Amino acid sequence: MLVKCAKCGNEFDSLYGVCPYCGTEYVPPEISAVSAQFVTQQKQSPSVTGGKKTKTIVLVSCILLAVTAVTAAVLLILFSQKKPSQEMQSSSVSVLSAEEKNVSGMSSVSETSTLSRTETSEHQTVSDTSPDGASSEGSVRTEESSQQETTSVSSEPASSAESSLVSQVSHEPTIEDYQKAIAENPQDPALYLKLAEVYEAAGDRTNALKTLKEGYAQTKDQTLAEKAAAYGEPIQESSQVQ
C-alpha cells in the first residue's frame, strides 16, 4: 500500500516502514493517534499527581505544627504550675527553720533562767545562818558521811567466797544464794555486807541491820559495825546475836 511521507511528501510502499527518500520512519495513523493520546495523558497526569502530593505535604505540615503547638502549651502550663509549688516549698522550709530557731532560743533562755534560779536558791541556802539552817547543814553532812561510808564499804574488793558464788550462779545472786554461801562460809564478812545490800535494795531495812549484826557477831569485822552505824543503829556488844 502506497503511503505519503509526512516529511518530504513522496509516496512509497508502507511495507518499507521507512521513506526511501528522506529516511523518515513511517508510523501508521492508528498507532499515531494512540501515541498522541498517550502523550496527552502523560502531560496531564503529572500536574494532577503533583497537586495531590502538594496537598498531602501541606496537610502533614499543618498536623505537625498543631502537635508542636499543643506540646509547647502543655509544657508551658506544667512549668508555670511547678514554679509556684517550688516557691511555696522553699517558703515553708524557711518558715520551719525560723520556728525551730525561735524554739531553740526560747529553750536556751528557759534553761538559763532555771540555772540562775537554782544558783540563787543554793546561795540562799548556804548563806542562811539561823539555828534551823545549822541543824539542816549538820543533817546534810551526816547523810553525806553516811553515803561516803556506804560507798567505801561497797567499793571494797569482793572476797573469794563472794567471787565463787557469783561464778556458780548464772544470774544475779539472790537472798537465798547469799544465805547458802554464809552457811558455808560464816567467817566471810563480805557475804554479810552483800546480803545486807540486797535487803536494803528490796526495802527491807530490818533484815539488813539484822544481817549486819549477825555478821559482826561471827567475824568481829569493823566494816559491818560501820555499815550498821551508817543505818543510824550502831552495834552494841550486848545486842550481838549469839
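Here are a few things to note about the model shown:
- Residues in the range 170-220 that are among the charged types (D, E, K, R) and more than 52 Å from the chain's Cα centre (by Cα): Lys180, Glu184, Asp188, Lys210, Lys213, Glu214, Lys220.
- Among the residues of the range 52-96, those that are modelled with pLDDT under 85, among the small types (Gly, Ala, Ser) and surrounded by 10 or more Cβ atoms within 10 Å (Cβ to Cβ) comprise Ser90, Ser91, Ser92, Ser94.
- Residue in the range 26-44 that is surrounded by 10 or more Cβ atoms within 10 Å (Cβ to Cβ), of a type outside the set (Phe, Trp, Tyr), modelled with pLDDT of 75 or more and in the same structural domain as Cys8 (by TED's automatic domain parsing) present: yes
- Listed by first and then second residue, the pairs with beta-carbon distance under 8 Å, at least 6 apart or on different chains, first residue in the range 207-226 and within 12 Å of Leu193 (Cβ to Cβ) and touching a residue at least 24 places away in the same chain (Cβ under 8 Å), second outside any helix (DSSP H, G or I) and acidic (Asp, Glu), are Gly215/Asp221; Thr219/Asp188; Thr223/Glu156.
The values are calculated or read from the model by the stated rules, or taken from the named source; none is laboratory data. Note that the structure is predicted; figures quoted are calculated from it, not measured. Quick reminder, even Gly has a Cβ in these numbers, built from the backbone with ideal geometry, and neighbours come from all protein chains shown.
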